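S.K.: Here you go, one structure.
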Amino acid sequence: MNWKMNKKALKIGLALLLAVLMISCKMSISLTGGTIDARAKTVAITNFPNNASLVNPTLSQSFTTALKDKIQGQTPLTIVSRNGDYSIEGEITGYTVSPVAIQGNDAAAMNRLTITVRVRFVNSFDETQNFDQSFSRYADYSSTQNLSSVEAGLISSINDALTDDIFNKAFVNW
């Protein structure tokens, strides 16, 4: 009888210890190396207006969509229009084409399309994770090509790199 009581008391003690440990630990969800607070259910992402001096008319929509797709594909968060557990907003501040790889005859062999976005991220659970930062990425193309013929592909590639950078800063803390 004494052995059965000690065994039962040991099981109850272990169950209580486990319960206390689970309650006292901060739970979080990790996806692709990122950490999302277990209490977080939503992220508000506003449209990124194009405030660059050179404006591509489709860039605002394509960048905002790429960012939403990235977060939706990599997290369990639901995207909302406002009052999210996380908030991401900003604007496109730069869209430039510049020559690179200048040859001996002062002609550019390559051109570079650069896109810069300013992002403000707010974490409603941990304000030390908040940031206001610019991100910039570029893609090069041959100077023998017309920008309009390669622009959509370049923008898609740059948007992918920018959204990776923003996602990593917001959720992977690099």
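S.K.: For Phe135, what charge total do you get from the other residues with a beta carbon under 9 Å from its beta carbon, if Lys and Arg give +1 and Asp and Glu give -1?
M.R.: +2
S.K.: Okay, next question. Expressed in whole Å with the largest first, what are the equivalent ellipsoid semi-axes of region 39-172 derived from the C-alpha gyration tensor as the square root of 5 times each eigenvalue? Numbers along the way, then the final one.
M.R.: Details: eigenvalues 212, 36, 30 Å².
They are 33, 13, 12 Å, listed from largest to smallest.
Since every read-out is calculated from the coordinates, none of them should be taken as a lab result. Keep in mind it's a predicted model, so treat the numbers as computed, not measured. Reconstructed Cβ throughout: ideal geometry from the backbone, glycine too, with neighbour counts over all protein chains shown.
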